[in-house]
Amino acid sequence: MELTALESQFQELETPFYYYDIDLLRKTLVEVNKNIAGRPFQVHYAVKANVNTRLLVEIKNQGFGADCVSGNEVKRALEVGFPKEHIVFAGVGKTDKELQYGLENEIFAFNVESLQELQVLDELSGSMGKQSRYALRLNPNVDAGTHEYITTGKRDNKFGITFDEVREALPIIRELKNTSFIGIHFHIGSQISDISKFRDLCLKINDIHDFLAAEGFELPHINVGGGLGINYEDPINEPIPDFRTYFDLFERELKLRSGQTLHFELGRSLVGQCGSLISRVLYNKPGEGTNFLILDAGMTELLRPALYKAYHYVQNLSRVDNPSTYDVVGPICETSDAFARRIQLPESSRGDIIALRSTGAYAEVMSSRYNLREIAPSVFSDDLK
Ligand SMILES: *Cc1c(COP(=O)(O)O)cnc(C)c1O
């Protein structure tokens with residue numbers, strides 16, 4: 001349902017809050033499942049994008065696995081009921097305690113990001129009497145063409161192991177007794193809108209895959225990570241990303257061997273568009289060449305604009321007429337606490353309901369209590385009248 005139709009119901013609630021359109025989430029998940037059906041593809045949800053239990057349950061019910069980046073995410077995924085054989089644990093700095101937690105719970109695999117971590121995993125597995133499985137996260141040196149803070153697959157990023165290092169480490173890899181090499185893992189960045197970047201990734205994977213096969217490694221899993229972007233400019237007309245083009249590209253470009261499964265770890269593209277941060281206009285205040293619209297939501301509820309100058313579509317749900325120029329800002333004592341500068345909105349005043357769209361991913365999970373603010377609650381479409 002379009003958000004403007006919910007304005008009067010939103011008026012009755014205390015703001016700010018995170019609103020989730022469960023119907024859109026379901027449609028998005030169904031669309032993914034439609035596109036992977038009949039292919040040796042498996043999608044894991046990148047839990048870090050949003051750990052809201054209500055969303056996790058929907059995602060689990062649709063048959064997705066969970067890709068976790070901390071021990072607590074693994075714990076949350078298990079609590080929600082993701083089967084342990086569909087949980088993987090990634091991250092460049094897993095502590096011994098976190099590794100042990102994953103081992104104790106016999107999760108499917110660890111995505112290992114350094115050779116030292118691999119040795120620690122092998123030792124811990126041995127001391128706990130467990131046989132674990134791992135995929136090596138490789139750094140393909142592909143530029144994802146996205147913001148530098150969300151680029152992860154370039155040589156100068158902290159993530160993964162380079163191809164040269166893998167070559168040198170093969171003798172060590174062959175020696176490890178307590179953990180099994182089951183796959184290779186990649187993740188080149190997030191909010192990737194230029195789909196040809198994924199083609200670049202496939203070409204790199206094909207090369208290293210051939211090399212490892214020639215060295216005698218038969219890897220049942222290839223994991224290409226996540227990163228598919230969403231349309232932040234126009235969430236109303238493109239609520240569901242183009243999954244078909246995305247999955248078709250991998251089917252066409254990535255050379256899978258028989259019996260292999262291709263894993264995807266999608267975060268933003270699954271949950272991004274189903275969420276909106278709902279807030280109220282507190283005050284209007286004239287500024288230099290603009291007008292400040294001061295909301296009751298700020299960087300404590302939506303950090304992305306302050307963190308990486310991200311754009312979110314701002315929508316006044318209470319009015320449609322008389323456009324005027326605004327700087328839309330939050331109440332926090334930081335100049336970076338601004339959502340949008342010099343944008344056109346209908347003439348807005350105190351009490352209007354403002355939606356910051358596309359906040360299903362990397363919003364609620366990054367909320368903080370800075371300025372000792374309350375953590376904003378979440379409201380779900382199917383709980384409204
Ligand atoms: C963050 C992350 C993802 C998900 O990225 P999206 O851009 O949200 O799809 C997948 N894999 C790894 C390893 C990640 O760190």
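More than 21 Å from Glu113 (Cβ to Cβ), within 16 Å of the ligand (Cβ to nearest atom) and of a type outside the set (Asp, Glu): is that true of Ile195 in this structure?
Yes: the conditions hold for Ile195.
Of the residues that make up the stretch 275-287, is at least one of a type outside the set (Gly, Ala, Ser), under 23 Å from Ser190 (Cβ atoms) and within 16 Å of the ligand (Cβ to nearest atom)?
No, the stretch 275-287 contains no residue that is of a type outside the set (Gly, Ala, Ser), under 23 Å from Ser190 (Cβ atoms) and within 16 Å of the ligand (Cβ to nearest atom).
If you scan the stretch 83-105, which residues turn out to be of a type in the set (Asp, Glu) and within 24 Å of the chain's Cα centre (by Cα)?
Residues satisfying the conditions are Glu85, Glu98.
Quick check: is even one residue across the stretch 365-385 in contact with a strand residue (DSSP E or B) (Cβ under 6 Å, 6 or more places away or on another chain) and either over 22 Å from Asp23 (Cβ atoms) or part of a helix (DSSP H, G or I) (or both)?
no
Output yes when any residue across the stretch 71-80 is surrounded by fewer than 20 Cβ atoms within 10 Å (Cβ to Cβ) and under 24 Å from Asn139 (Cα atoms), and no when none is.
The answer is yes; a qualifying residue exists.
Residues are listed down the side, and each one gets a yes or a no for (1) touching a residue at least 24 places away in the same chain (Cβ under 8 Å); (2) more than 15 Å from the ligand (Cβ to nearest atom):
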| residue | (1), (2) |
| --- | --- |
| Gln62 | yes, yes |
| Lys84 | yes, yes |
| Gly93 | no, no |
| Gln100 | yes, yes |
| Glu104 | yes, yes |
| Ala109 | yes, no |
| Leu115 | yes, yes |
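Could you tell me whether Arg252 is farther than 14 Å from Asn139 by Cα, without any contact (Cβ under 8 Å) to a residue 24 or more places away in the chain and not small (Gly, Ala, Ser)?
yes
Does Glu251 fit the bill of being outside any helix (DSSP H, G or I), modelled with pLDDT of 95 or more and not polar (S, T, N, Q)?
Criteria not met by Glu251.
Could you list all residues from the stretch 205-223 that are within 16 Å of the ligand (Cβ to nearest atom) and surrounded by fewer than 22 Cβ atoms within 10 Å (Cβ to Cβ)?
His221
Among what's in the stretch 224-256 and is of a type in the set (A, V, I, L, M), within 16 Å of the ligand (Cβ to nearest atom) and closer than 26 Å to Ala109 by Cβ, pick the residue that is surrounded by the fewest Cβ atoms within 10 Å (Cβ to Cβ).
Leu249
The values are calculated or read from the model by the stated rules, or taken from the named source; none is laboratory data. The structure presented is a predicted model; accordingly, all values stated were derived computationally and were not measured. Neighbour counts run over all protein chains shown; Cβ positions are idealised from the backbone, glycine included.
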